[in-house]
1. Can you confirm whether segment 87-98 contains a residue that is aliphatic (A, V, I, L, M), in contact (Cβ under 8 Å) with a residue 40 or more places away in the chain and open to solvent by 70 Å² or more (accessible area, probe 1.4 Å)?
2. Identify all residues within segment 127-148 that are open to solvent by 100 Å² or more (accessible area, probe 1.4 Å) and more than 30 Å from M33 (Cβ to Cβ); write none if there are none.
3. Can you name the condition, by its number, that K38 falls short on among (1) touching a helix residue (DSSP H, G or I) at 6+ places or on another chain (Cβ under 9 Å); (2) free of Cβ contacts under 8 Å to residues at least 40 places away in the same chain?
Amino acid sequence: MKRIFIALAAIALCFPQLAHADDASKRAKIEEMIRLTKMDETMTKMMDQTKEQINELVAADSGGDLPPAQTAIMKDFQAKVSALMVAALSFEQVKPAMIKLYEDAYTEADLDGILAFYKTPAGQSLLGKTPDLMTKVMAIVEDRMTALEPQVEKLSDDMQRQMVGAGPKPVIGPEPPAAAAPAAPPVPPVMPPEQAAPPAK
């Protein structure tokens, strides 16, 4: 394995300009594909939609009837979450990793064919209509998920009951003996009249 790495390094040293030119050419075509597909706009819209969903969830959790101090805390939380998302998931942050994915997935010949198609009327139609179609597809998925909520809740309830039934049973030992009843006071014996002591004089 080490010899293979050494051989590859030697080849790279022998043809550095050619390798760099090929990488640059391929990267330029990927950049053009990203521009034609308007990925930056698509990701920005996705980010905006995600932030709206987070705000809606936070508002639903709070009930909407918070005092001013807590409302300010919630708004501050929303702003911080949005800032984190923009910092970590903005297009400029994701773009290098995206380019690497395309470099690994497509050959330069593939990119040539894809770019040629995108520049045709059919390709332009695909690019123009895909964002709206994807939005509609997501709406269909959300509607289906909403319709499934009662069934999912029933399955969750059934699972909880099964978990309780399959859980460890409590250890039941022998019942403790019943407490003995308190002893009754002794009853003095009743003597017949003839045996009774005569009254004192």
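1. yes
2. D143, R144, M145
3. Every listed condition holds for K38 apart from (2).
The values are calculated or read from the model by the stated rules, or taken from the named source; none is laboratory data. Treat the numbers as computed from the prediction; the structure is a model and nothing was measured. Note that we place each Cβ from the backbone using ideal geometry, even for glycine, and neighbour counts take in every protein chain shown. Remember, those area values only see protein heavy atoms, side chains included, never the ligands or the DNA or RNA. Shrake-Rupley method; radii C 1.70, N 1.55, O 1.52, S 1.80 Å.
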